[in-house]
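The next block holds one structure in the form of structure tokens; read it before the comments.
The values are calculated or read from the model by the stated rules, or taken from the named source; none is laboratory data. Here the structure is a predicted model, which is why all the values come from computation and not from measurement. Cβ atoms come from the backbone with ideal geometry, glycine included; neighbour counts cover every protein chain shown.
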């Protein structure tokens, strides 16, 4: 992924820092954040500030033998100036105004996430990059499917005054962009969850993001089938005939360059990938298996449909690796670089619209 403009370069001088959440302090979030700051110069990283407990970062730096000065700042606006010589950290403030939290042991994790999200929503941060958390950290919040993405959708909806915002997960690597229509539900529930409207909405959100954030003027989207061989005309399942194909026809009739349903077993090889800009999968593993096979350590999770840019590394907390020095920061670094790229493109679009 291309390097991003940095503070000090003409194109990046006026851009704010990226807000990074520490994630679960017992996971590898602190490790990969510290390692990434140490690699800031050779990778020309855009400045970022961490929302979390500075003592956690200081303790982990000592445990790993990393020379990373940690400096607490009161606001992310001070981060860009501090970033060249220290890792800026914004310690979460009181959660008294937080209407979603309950007072449990994970409140600090979620408070950091909420406050970093608000910085991105307010424009104080260029983008949001989230380190991994365990889903149990969000158990106190009423979410249909507990997880980072659902919580961010709820925060964004509350901020902009909408009843709901549907965030969509895209997995990104240099080789592939892929979006699952359904995510964290049992395989047995997928056929009953898929609807024409859900597929059409997912494709529209994806097409909009490809244009707005990735700069693809006329995006091409390939849609996978659900069943083997895309149903074989109804011989191996009818979802393609009754649900997926009609949704594609509706979208194509509206002018989108969308094709399918394609047999998933032949959609992700090198020649096929040259025919589309993003693929739509019907369920979680159908999307993540090809992405992780192609780019296990470089995949980035991007949340589409939000009024701000959010990326995250495509892995979990990896508690067993925390503090061992074995955690690789590749995916987190890719998430930072992509966040800077997408955030810079959105900032340029806003500036152009304001002229």
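List of remarks:
- Any hit, region 117-133, residues being farther than 15 Å from residue 303 by Cβ and modelled with pLDDT under 90: no
- Scan of region 278-302 for residues that are part of a loop (DSSP other than H, G, I, E, B) and under 18 Å from the mean Cα position of the chain (by Cα), ordered by number: 283, 296, 297, 298, 299
- Elements of the type helices (runs of 4 or more DSSP H) sitting completely within region 140-218 and holding at least 2 residues that are buried (at least 17 other Cβ atoms within 10 Å of the Cβ), modelled with pLDDT of 95 or more and not assigned by TED's automatic domain parsing to the domain that holds residue 113: these cover 196-212.
- For region 308-323, the criterion of a residue being over 17 Å from the mean Cα position of the chain (by Cα) and over 22 Å from residue 64 (Cβ atoms) is satisfied by no position.
- One residue alone among 347, 334 is outside the structural domain of residue 257 (by TED's automatic domain parsing), within 17 Å of the chain's Cα centre (by Cα) and assigned to a helix (DSSP H, G or I), and that residue is 334.
- Residue, farthest from the chain's Cα centre (by Cα), within region 249-266, restricted to residues that are crowded, with 16+ Cβ neighbours inside 10 Å and more than 11 Å from residue 225 (Cα to Cα): 250
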